[in-house]
1. Scan the range 45-57 residue by residue and report those that are in contact (Cβ under 8 Å) with a residue 12 or more places away in the chain and either part of a strand (DSSP E or B) or of a type outside the set (Phe, Trp, Tyr) (or both).
2. Find the residue count for the range 41-66, including only residues that are more than 28 Å from the chain's Cα centre (by Cα) and not polar (S, T, N, Q).
3. Looking at (1) at pLDDT 95 or above; (2) among the polar types (S, T, N, Q); (3) closer than 28 Å to Thr12 by Cβ, find the lone condition where Asn56 falls short.
4. Considering only the range 2-20, state which residues are hydrophobic (A, V, I, L, M, F, W, C) and exposed (fewer than 12 other Cβ atoms within 10 Å of the Cβ).
5. Restricting attention to the range 1-44, which residues are without any contact (Cβ under 8 Å) to a residue 24 or more places away in the chain, assigned to a loop (DSSP other than H, G, I, E, B) and in contact with a strand residue (DSSP E or B) (Cβ under 8 Å, 6 or more places away or on another chain)?
6. Condition check: at pLDDT below 95 and either closer than 30 Å to His39 by Cα or acidic (Asp, Glu) (or both). Does Glu94 satisfy that?
7. Give the range 51-82 a look and list any residue that's of a type outside the set (A, V, I, L, M, F, W, C) and under 30 Å from Met16 (Cβ atoms), or say none.
Amino acid sequence: MKATTTITEVVTLETMHCGSCHVLYAMPDGFLTERRKDHATWYCPNGHPRYYPADNEEERLKKELDKTQTFLANARSLLAVAEREKQELQKEAERLAKRAQAGVCSKCHRSFQNVKAHMGRRHPEPQ
């Protein structure tokens, strides 16, 4: 008596039409999943080359992540520049305040007993 072995394989097929000859054919869904990922070429039964040119979900999300990371890096850079400018302006304001307290005019750089009166007479604010 001969021993026989039966192997059963279940394959899910995805149907499609060739864009060139419009023939209907089916491919294993695992194969097409891989082609969507790697964009490799396969052929319809009549020999026409087929491929998935569009980005798959993973590629689209990676591009979006890269774009977001670039935007974030630029924003951080702008923030750092703004912080440096703020510090420089604060230092300048402190310097001018010290000079004013010491009686030095910020316009003509001369010392006066009453800087406020000098500013009113010699450097009046435009109305």
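The values are calculated or read from the model by the stated rules, or taken from the named source; none is laboratory data. On a predicted model such as this, the values are computed, not experimentally measured, just so you know. Don't worry about glycine lacking a Cβ; one is built from the backbone with ideal geometry, like all the others, and counts go over all protein chains shown.
1. First pass over the range 45-57, keeping only residues in contact (Cβ under 8 Å) with a residue 12 or more places away in the chain: 45-46, 48, 50-53, 56.
If the condition is that a residue be in contact (Cβ under 8 Å) with a residue 12 or more places away in the chain and either part of a strand (DSSP E or B) or of a type outside the set (Phe, Trp, Tyr) (or both), then Pro45, Asn46, His48, Arg50, Pro53, Asn56 are the ones that fit.
2. Residues in the range 41-66 being more than 28 Å from the chain's Cα centre (by Cα) and not polar (S, T, N, Q): 9 in total.
3. Just one mismatch for Asn56, condition (1).
4. Ala3, Ile7, Val10, Val11, listed by residue number.
5. Val11, Thr12, Val23, Thr41 - these are the residues of the range 1-44 that are without any contact (Cβ under 8 Å) to a residue 24 or more places away in the chain, assigned to a loop (DSSP other than H, G, I, E, B) and in contact with a strand residue (DSSP E or B) (Cβ under 8 Å, 6 or more places away or on another chain).
6. Values: at pLDDT below 95: yes; either closer than 30 Å to His39 by Cα or acidic (Asp, Glu) (or both): yes.
It is true that Glu94 is at pLDDT below 95 and either closer than 30 Å to His39 by Cα or acidic (Asp, Glu) (or both).
7. Hits for the range 51-82 are Tyr51, Tyr52, Pro53, Asp55, Asn56, Glu57, Glu58, Glu59, Arg60, Lys62, Lys63, Glu64.
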